[in-house]
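Engineer: Just dropping this structure here.
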Amino acid sequence: MKNWKKMILSLTISVGLLASAVPAMAAPQQPAVKVDNEVVKYSLGTPVIDKGTTLVPLRTTLQAMDVKLTDAADDTIHVVVDGKTITLKSKLKQINGVTYAPIRVVGDAAGYKVSWDAKTRTVVLVSKETEVAQTGGRGFMWEVESNGNTVYLVGSMHIADDSFYPLRPEFEEAFAEADYLGVEIDISKAADEEQQKLIMDLGMYQDGTTLKDHVSSETYAKLGEILKQSGMQPNALDAFKPWVAETTISSLKSVKAGYDASAGIDLYFIQKAIERKVPILELETYGSQLGMFNGFSKELQEKNLNIALDNFDVLDESVNQMAEMWKTGNDEALLEFTNSMSGDEEYNKAMLIDRNIGMADKIDGYLKNGKNEEYFIVVGSAHYLGEHGIVKLLQDKGYTVVRK
C-alpha cells in the first residue's frame, strides 16, 4: 500500500472540485428521506440538493415527522410540535408550485437528529424516542484568542459518512456563537457555471491532444482497465489531464466505499451556515486550488495518477484508516500523516507549505481586527500540525493555540 497517504491527501483536498465536472461520471440520484426507519413517500415533488443543501417538500416531510404546518411564507414557517407553536426562519423555495425548505432546519427544530447516509444517499431523521446512542467523532479543534476575538480551528475530513455524526457538543456550541464560517473554498458552489468553466479550461487539453499523448502507454493501459472495472469506457477521461484523472479515479472508489463529500465536515458546516445565514469566508479560491493541481509538473501528475491506480483496490481500507484517525482525534497519527508528505518536495510545498502560510496569514488578520468577533474555521486536518502547519505558524506569530 505504498504512497497511499499522498493519494488520500490529494483526494480529500480536491474531492469537492470535480464532482460535477467530469462528464463520464453519472449524475447522482435524488436523495431520499427516512424518518424513524420509514422512507417518506412524496406525491408532490421530490427532495433535491441545491448548492450543497438538501431541500424537501415541506408539508409532506412535516407530516411524516408528526409536525403540523400552520403556514409558510416570506422565509418564515409556523409549525406545531407537541402542541407548541414554533416559528422557524429559513429560506423557502417554490418548485413547480410546491414549497421546499432545508431538511436540517426543519428536522432540528422538531427535535430530530439529522444525518446523511452516503451509501444510499438518504437523509436520516431519528426522533429522540427512537434515537440510538452514537459515538460520532472527537475530531480536531483548537482555540485561539486575541484582541477580544476568538478563532476556532477545526480539522475537516472532506469525505465522510454517517458514522462521523453527531459531532462533539463542543463543535456545535462553538459554531452556534460564530459570526463567520471560514473554509478553504465554498464547495456548495461547485456546480456554478463559473466554477465549471474554470475546471474545464484548466483540466482539459486545449491543443487537440489527449491524455494518451501525455502519459506512458503503461499508465494509460492501467487507467483504461480501472475505468472498465468501474463500468466506464476505457477512454472516458481522454480529454482530461492526469490530475483530473487521478482525483476522479480516487473519488470513484471512495464513493463506492460509502464516503462522500456530501457528508464531509466542511460541507456539514457550510450547510448550517447557509441555513442560519452565517457569512462564509473563503480562505482560498477555486482558481488557486485548481491552479495548484494544474501547475504540477508533468512527471508529478503522472506519478500521482499511478499511485491512485496502483492503490485502487485498497483505497477503501486507506480511507477507513483516515476516518478512524479523525473520529478518535489522534494527534500523533495526524502528525505522522502530515510528515509523510515531506518526501516529495514539489508536492509538499504546493499542497501544504504554501497554502498553510496563506491561510495562517488570513487567520492572523481575523485575530487582529479588534471587532470582538468569533470565527469558526474549517480546513483539511492535514493543514494544522507539523513544522509548517497552521498551529505552528500562528504560535510563531505569538498566539497561544489551545487544543480543545
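Engineer: Taking the condition on the phi > 0 side of the Ramachandran plot and in contact with a helix residue (DSSP H, G or I) (Cβ under 7 Å, 6 or more places away or on another chain), does G386 pass?
Structural biologist: Yes; evaluated as a whole, the condition is true for this residue.
Engineer: I would also like to ask the following. Being of a type outside the set (A, V, I, L, M), open to solvent by 10 Å² or more (accessible area, probe 1.4 Å), in contact (Cβ under 8 Å) with a residue 24 or more places away in the chain and farther than 17 Å from D260 by Cβ is the filter here, so list the residues in region 162-183 that pass it.
Structural biologist: Within region 162-183, P166, R168, E170, E177, D179, Y180 qualify.
Engineer: Taking only region 341-350 into account, find how many residues are in contact with a Lys or Arg (Cβ under 8 Å, 6 or more places away or on another chain) and surrounded by 17 or more Cβ atoms within 10 Å (Cβ to Cβ).
Structural biologist: Selection size over region 341-350: 2.
Engineer: Under the condition of being charged (D, E, K, R) and exposed (fewer than 14 other Cβ atoms within 10 Å of the Cβ), which residue from region 297-330 is nearest to D161 (Cα to Cα)?
Structural biologist: Per the stated criteria, the residue is E324.
Engineer: Look at K222 and say whether it is more than 14 Å from the chain's Cα centre (by Cα), open to solvent by 20 Å² or more (accessible area, probe 1.4 Å) and in contact (Cβ under 8 Å) with a residue 60 or more places away in the chain.
Structural biologist: It is true that K222 is more than 14 Å from the chain's Cα centre (by Cα), open to solvent by 20 Å² or more (accessible area, probe 1.4 Å) and in contact (Cβ under 8 Å) with a residue 60 or more places away in the chain.
Engineer: Condition check: over 30 Å from D179 (Cβ atoms) and surrounded by fewer than 20 Cβ atoms within 10 Å (Cβ to Cβ). Does T285 satisfy that?
Structural biologist: no
Engineer: For region 57-101, name all the residues that are part of a strand (DSSP E or B), closer than 14 Å to L44 by Cβ and without any contact (Cβ under 8 Å) to a residue 24 or more places away in the chain.
Structural biologist: Passing the criteria: L69, Q94.
Engineer: Select from region 146-157 the residues that are open to solvent by 10 Å² or more (accessible area, probe 1.4 Å) and in contact with a helix residue (DSSP H, G or I) (Cβ under 8 Å, 6 or more places away or on another chain) and write down the one among them that is nearest to D266 (Cα to Cα).
Structural biologist: In this case the residue turns out to be Y152.
Residues are listed down the side, and each one gets a yes or a no for (1) over 20 Å from the mean Cα position of the chain (by Cα); (2) at pLDDT below 95:
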| position | (1), (2) |
| --- | --- |
| K298 | yes, yes |
| K303 | yes, yes |
| N320 | no, yes |
| E332 | yes, yes |
| M341 | yes, yes |
| A350 | yes, yes |
| E374 | yes, no |
| S381 | no, yes |
| Q395 | yes, no |
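Engineer: For region 351-404, which positions are touching a Phe, Trp or Tyr at 6+ places or on another chain (Cβ under 9 Å), open to solvent by 10 Å² or more (accessible area, probe 1.4 Å), of a type in the set (V, I, T) and assigned to a helix (DSSP H, G or I)?
Structural biologist: V391 - this is the single residue of region 351-404 that is touching a Phe, Trp or Tyr at 6+ places or on another chain (Cβ under 9 Å), open to solvent by 10 Å² or more (accessible area, probe 1.4 Å), of a type in the set (V, I, T) and assigned to a helix (DSSP H, G or I).
The values are calculated or read from the model by the stated rules, or taken from the named source; none is laboratory data. Since we're looking at a predicted model, the values are computed, not measured. Virtual Cβ from ideal backbone geometry, glycine too; neighbours counted across all protein chains shown. Remember, those area values only see protein heavy atoms, side chains included, never the ligands or the DNA or RNA. Shrake-Rupley method; radii C 1.70, N 1.55, O 1.52, S 1.80 Å.
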